[in-house]
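Asks: Handing you this structure, nothing more for now.
What follows draws every value from the coordinates through simple rules; no lab data is involved. Because the structure is a prediction, the values reported are computed rather than measured. Note that we place each Cβ from the backbone using ideal geometry, even for glycine, and neighbour counts take in every protein chain shown.
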Amino acid sequence: MTRLHSQKSAPRRARRVVEGHFVGTGRRVAIVVARFNEIITRHLLEGCQGMLLRHGVSPEQIDVVWVPGSLEIPTAAREIARRKRADAIVCLGCVIRGETAHYDHVCRETARGVAEVGRRTGVPTIFGVLTVDTLEQAIERAGSKMGNKGAEAALAALEMADLLKRL
């Protein structure tokens, strides 16, 4: 009787591994930021710009585009991508839950729109929009206890821009 081996064979090594790096030198980055809840979004913007500068993006290669609210972010991002004005786009906003279903609609449509811009244009478009229940949660994510999500979005933008060049 033949004995079957239950051991799994050793995994094969990947032929090629491709990763992006946090390279800002020579990159042009656009930041689309919502004015609504500006007390929060301004901190996200500061974190984003600071991280981009620390990773070699020159100040003159950073464009900041203000829009009225989070729902308007995808429209501005699409136009930036369409005109090929950036190697990556960071989208920053803050939506705080209220007592109506409006929160759900804004969050869903903003996320869908930002993702669609990236997929349709090939320009990395990063979702850095806070979707929180309270102002306190927003403050924690805009530079307090939970770090600065704007800075994290900047890193994702740099990594994706570099990755796409490598692919």
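Asks: Could you identify the single residue in ARG85, ARG78, ARG97 that is of a type outside the set (A, V, I, L, M, F, W, C) and out of contact with any helix residue (DSSP H, G or I) (no Cβ under 7 Å at 6 or more places or on another chain)?
Replies: Only one candidate qualifies: ARG85.
Asks: Output the qualifying pairs, or none if there are none: Cβ atoms under 7 angstrom, residues six or more apart or on different chains, first residue in segment 107-126 and surrounded by 13 or more Cβ atoms within 10 Å (Cβ to Cβ), second residue among the basic types (Lys, Arg) and in a helix (DSSP H, G or I).
Replies: Once the first residue is surrounded by 13 or more Cβ atoms within 10 Å (Cβ to Cβ) and sits in segment 107-126, its partners that are among the basic types (Lys, Arg) and in a helix (DSSP H, G or I) give VAL117/ARG78; THR121/ARG82.
Asks: Taking the conditions exactly as written (farther than 17 Å from VAL123 by Cβ, assigned to a helix (DSSP H, G or I), in contact with a strand residue (DSSP E or B) (Cβ under 8 Å, 6 or more places away or on another chain) and without any contact (Cβ under 8 Å) to a residue 40 or more places away in the chain), does GLU46 satisfy them or not?
Replies: Answer is no for this residue.
Asks: Something else now. So GLY93 clears everything in (1) within 16 Å of ALA30 (Cα to Cα); (2) free of Cβ contacts under 8 Å to residues at least 12 places away in the same chain except one condition, right? Which one?
Replies: So GLY93 meets the others, but not (2).
Asks: Any idea which residue in segment 60-87 is surrounded by the fewest Cβ atoms within 10 Å (Cβ to Cβ), counting only those that are outside any loop (DSSP other than H, G, I, E, B) and of a type in the set (Asp, Glu)?
Replies: GLU60
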